[in-house]
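J.: Below you'll find the structure I mean.
FYI, it's all coordinate maths here, none of it is from the lab. Predicted model, so just to flag it, every value in this text is computed and none were measured. Cβ coordinates were reconstructed from backbone atoms using ideal geometry, including for glycine residues, and neighbour counts include every protein chain displayed.
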Amino acid sequence: MRVEKFGELLWETMDDTLRRVLGEHVAELIYGLMGRSVSFKRKEIAEKIEAFYAYLEELFGSEGAQVIQGTSLKRLYLKLWREYEEIETYFSVLDELYEVKFKLSAPSSKDGSVCN
């Protein structure tokens, strides 16, 4: 997975978690306050994740920030697992195709059976 794609996935997960845990309006309020007080934008959260969590800790205290962080990490894990399963399926199909190609290209004996 490319670093840029991971950053996008991290951002999507953080955004989705905030919206699910706190609601749409509160998430938008947090982004607005964050933009004014710590001067980075939402899309920069993935690159500045520690600053973002520190900001959440200021807003919600240590326990509140940990709930958001833990929920985000669990959701990120699930998204990464789904991507892994898709890739694993893709490679399984490629392995099967390679096996078929190998069997088809193997020389056969005069009696029509495949040589081993």
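J.: Leaving out same-chain residues fewer than 8 places away, which lysines sit with a Cα under 25 Å from that of residue 101?
T.: Once the sequence-local lysines are set aside, what remains near residue 101 is 110.
J.: Pull up the cross-link candidates among the aspartates and glutamates for residue 103, meaning alpha carbon to alpha carbon under 20 Å and not fewer than 8 places away within one chain.
T.: The qualifying aspartates and glutamates are 95, 111.
J.: List the lysines whose alpha-carbon lies under 25 Å from that of residue 79, not counting same-chain residues fewer than 8 positions away?
T.: Candidates past the 8-residue exclusion: 5, 41, 43, 48.
J.: Can you give the charge dipole size of the chain about its Cα centre, rounded to the nearest 20 debye, using +1 on the beta carbon of Lys and Arg and -1 on the beta carbon of Asp and Glu? List each step's numbers first, then the result.
T.: On the way: 16 positive and 21 negative charges, 36 e Å.
So the magnitude is around 180 debye.
J.: Hey, what number do you get for the chain at 222 nm if only DSSP H runs of n ≥ 4 count, each worth -39500 (n - 2.57), divided across all residues, to the nearest 500? Walk me through the intermediate numbers first.
T.: Numbers: 3 runs with 91 residues, N = 116.
Rounded to the nearest 500, the figure is -28500 deg cm²/dmol.
J.: Here is a follow-up. Restricting to Cα pairs below 8 Å that are 6+ residues apart, what does the relative contact order work out to for the chain? Please round to a whole percent.
T.: It comes to 23 percent, rounded to a whole number.
J.: For the chain, with a Gaussian network of springs between Cα atoms less than 10 Å apart, report the residue from 52, 91, 40 with the top mean-square fluctuation.
T.: Among 52, 91, 40, the largest GNM mean-square fluctuation belongs to 91.
J.: Report the semi-axes of the equivalent ellipsoid for the chain in whole Å, largest first, where each axis is √(5λ) for an eigenvalue λ of the Cα gyration tensor.
T.: After diagonalising the Cα gyration tensor, the semi-axes are 51, 13, 10 Å.
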